[in-house]
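Written below as structure tokens is the structure these notes are about.
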Amino acid sequence: MKRQQIAAGNWKMNKTYKEGRALATAIAKGMTSTDSLVILGTPAIHLNAVANIVKKVPNVEVAAQNCHQEKSGAYTGETSVEMIKSVGAKYVILGHSERREYFNEGHELLAAKVDTVLGKRLIPIFCCGEPLAIREAGTHVAHVKKQLEESLFHLKKKAFSKIVIAYEPIWAIGTGVTASPQQAQDMHKAIRQLLADKYGSDIAEGTSILYGGSVKPANAKEIFSQPDVDGGLVGGASLKPDDFLQIINSFS
Ligand code: PGA
């Protein structure tokens, strides 16, 4: 089965309304035909505008970077999946290491968010990945296994088949240090094996697993060419249209 290749941008907390619209417009204009899927993960406040800009551009979708686990209610300052869906976004990034670290998002909360997102027929881009100390101790596969087990493996096969996974080693996020193509491949292969053990090889072979952590035009081609790497979740380089467009065109 051919897996969906995805170049996803994670704008994090960057860009004003005007700048965000300019970035989305530049990406929409610069796109040449591609079989891969492009996802723009914008701040919640820009989702509607960016969804409108890319509406008629084939293979471009919009993602929220977080959502609340409850459907609605008295949660001042939060964004619900229904709101996200109503402005045209189809994806929600969940479990990013910055959310885990700065907002104390743990396994159980993330499992609830995954359920809420899937319940609204949106697609979670579920992030996992280890800190440097775990990598140095050599227990990174076990670390990621626990993240998947605790927040995703309660799902039935059909629900799990919708999930996109992003492996993002924390030591490579925003640091300029990228995992080597081999390190990325080894981890992606290990993740795919975990999915095969739990859900069978058809699900494992069909799940897109993205690499994240200092992806840039200079390294995207080599990373994306690894057999178990199906694209990238890109932070810093997704804020520059030329860089992101080059990354979008890095699939072979
Ligand atoms: P980076 O961020 O590309 O700036 O390292 C990746 C991410 O956090 O998703």
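The values are calculated or read from the model by the stated rules, or taken from the named source; none is laboratory data. Just so it is clear, the structure is predicted and the values come from calculations on it, not from any experiment. Every residue, glycine among them, receives a Cβ derived from its backbone with ideal geometry; neighbour counts consider all protein chains shown. Just the protein is used for accessible areas: all its heavy atoms, side chains included, with ligands, DNA and RNA removed. Shrake-Rupley method; radii C 1.70, N 1.55, O 1.52, S 1.80 Å.
Show the residue pairs meeting these rules: Cβ distance below 7 Å; 6+ apart or different chains; first residue within region 174-185 and more than 15 Å from ALA218 (Cβ to Cβ); second residue away from the ligand (no atom under 13 Å from the Cβ) and open to solvent by 70 Å² or more (accessible area, probe 1.4 Å). Taking only residues 6 or more apart or on different chains, the pairs are GLN185/PRO227. On the stretch given as region 115-130, residues that are in contact with an Asp or Glu (Cβ under 9 Å, 6 or more places away or on another chain) and either over 24 Å from SER161 (Cβ atoms) or outside any strand (DSSP E or B) (or both) total 3. The number of residues in region 216-225 being more than 11 Å from the ligand (Cβ to nearest atom) and either of a type in the set (D, E, K, R) or buried (at least 19 other Cβ atoms within 10 Å of the Cβ) (or both) comes to 4. Applying the criterion of being touching a residue at least 60 places away in the same chain (Cβ under 8 Å) and among the aliphatic types (A, V, I, L, M) to the residues of region 136-168, the residue that is nearest to the ligand (Cβ to nearest atom) is ALA166. Of everything listed in (1) more than 19 Å from SER208 (Cα to Cα); (2) small (Gly, Ala, Ser); (3) touching a residue at least 12 places away in the same chain (Cβ under 8 Å), the single unmet condition for SER72 is (3). If we scan region 14-23, do we find a residue that is touching a residue at least 60 places away in the same chain (Cβ under 8 Å), open to solvent by 50 Å² or more (accessible area, probe 1.4 Å) and β-branched (Val, Ile, Thr)? Checked region 14-23: no residue is touching a residue at least 60 places away in the same chain (Cβ under 8 Å), open to solvent by 50 Å² or more (accessible area, probe 1.4 Å) and β-branched (Val, Ile, Thr). Take ILE203 and tell me if it is farther than 24 Å from GLY235 by Cβ and either assigned to a helix (DSSP H, G or I) or open to solvent by 60 Å² or more (accessible area, probe 1.4 Å) (or both). So ILE203 fits the description; yes. Of the residues making up region 162-179, one or more are within 23 Å of CYS67 (Cα to Cα), assigned to a helix (DSSP H, G or I) and out of contact with any His (no Cβ under 6 Å at 6 or more places or on another chain). Just so you know, in region 227-244 the residues that are surrounded by 18 or more Cβ atoms within 10 Å (Cβ to Cβ) and within 16 Å of THR207 (Cα to Cα) include one that is nearest to the ligand (Cβ to nearest atom), and it is LEU233.
Identify, please: which residue in region 181-223 is over 19 Å from the mean Cα position of the chain (by Cα) and of a type in the set (A, V, I, L, M, F, W, C) and is, among those, farthest from LYS146 (Cα to Cα)? Filtering region 181-223 for residues that are over 19 Å from the mean Cα position of the chain (by Cα) and of a type in the set (A, V, I, L, M, F, W, C), the one farthest from LYS146 (Cα to Cα) comes out as ALA218.
In region 119-143, which residues are under 18 Å from GLY41 (Cβ atoms) and touching a Phe, Trp or Tyr at 6+ places or on another chain (Cβ under 9 Å)? Lay out the reasoning, then the answer.
Kept after step one, since they are under 18 Å from GLY41 (Cβ atoms), are these residues of region 119-143: 120, 122-129.
Result: LEU122, ILE123, PRO124, ILE125, CYS127, CYS128, GLY129.
Of all the criteria given as (1) open to solvent by less than 40 Å² (accessible area, probe 1.4 Å); (2) of a type outside the set (A, V, I, L, M, F, W, C); (3) at pLDDT below 95, the one not satisfied by GLY176 is (1).
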